Amino acid sequence: MEDLSFYLGVIGNVISVLVFLSPARTFWRILKHKSTENFESLPYICTLLNSSLWTYYGIIRPGEYLVATVNGFGALVEAVFVILFLIYAPSKQIRDRTAVLVGILDVGFLATAILVTRLALQGELRTIALGFICAGLNVVTYASPLSAMKTVVTTKSVEYMPFLLSFFLFLNGGIWALYALLVGDIFLGVPNGAGFVLGAAQLVLYAMYRNGKPSKTAGNALEEGTRQEPLLVSSS
């Protein structure tokens, strides 16, 4: 059973790396244009926080080194993405807003969570408290694509819901949920089980509307709005 959980964890690490690197095309575009244009920084700021907390969780919970390694990689990747948002923000106002969010979430909240769990809690209680925080954040990140699903239903087109991202999130949730079941980790199992279900729902929508074309009115409305990347899921 331990061998099976290890192999599943390795597979989960590979899929998770692909999920973390999925926005690479977006950031190549940012580098070429030297501007973040209308892309939103919040999804990457939140994913950086989530990955950092899961890295800490994997370190303090015995036997969860696979969770720590992949989320450590994810935190590094997301840190690079966030730095690019700070460098290539199209205006000082956007740069300042991004910097404030980074300070509040990726510095302030992260430091508070680590210090409180380290100084005020001990042993299993520390792991449980951090597990609740990580699981709660992961549920939010897995639920974030609901807005993209609403867009698909409204426009009857999958143009704004990339298939590969939905597919990898589906695989990611399934593999890590099964891994959590084998190692008996409810904090990994609940959010990733939810992610598996939501990923499956996205794939069903993709199958239903893959040949659809958005109406001109809906398409124009979306084009005029702010371009927003999907909130990435911490791979744990």
Largest first, what is the accessible-area ranking of R118, R210 with a 1.4 Å probe?
R210, R118
Test of understanding: what is the full-extension gain from A99 to H33, defined as 0.36 nm times their sequence separation minus their Cα-Cα distance?
21.7 nm
Multiply the residue separation of V10 and I60 by 0.36 nm, subtract the distance between their alpha-carbon atoms, and state the gained length in nm to one decimal.
16.1 nm
Point-to-point label distance, I128-V17, nm (Cα→Cβ direction, 7 Å offset)
3.6 nm
Virtual spin-label span in nm between T69 and L42, 7 Å along Cα→Cβ:
3.5 nm
Expressed per residue, the solvent accessible area of region 82-159 in Å² (1.4 Å probe) is about 55 Å²
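The values are calculated or read from the model by the stated rules, or taken from the named source; none is laboratory data. Here the structure is a predicted model, which is why all the values come from computation and not from measurement. Ideal geometry is used to build each Cβ from the backbone, glycine not excepted, and the neighbour counts take in all protein chains shown. Ligands, DNA and RNA are stripped out before the accessible areas are found, and what is left, the full protein with its side chains, is counted by its heavy atoms. Shrake-Rupley method; radii C 1.70, N 1.55, O 1.52, S 1.80 Å.
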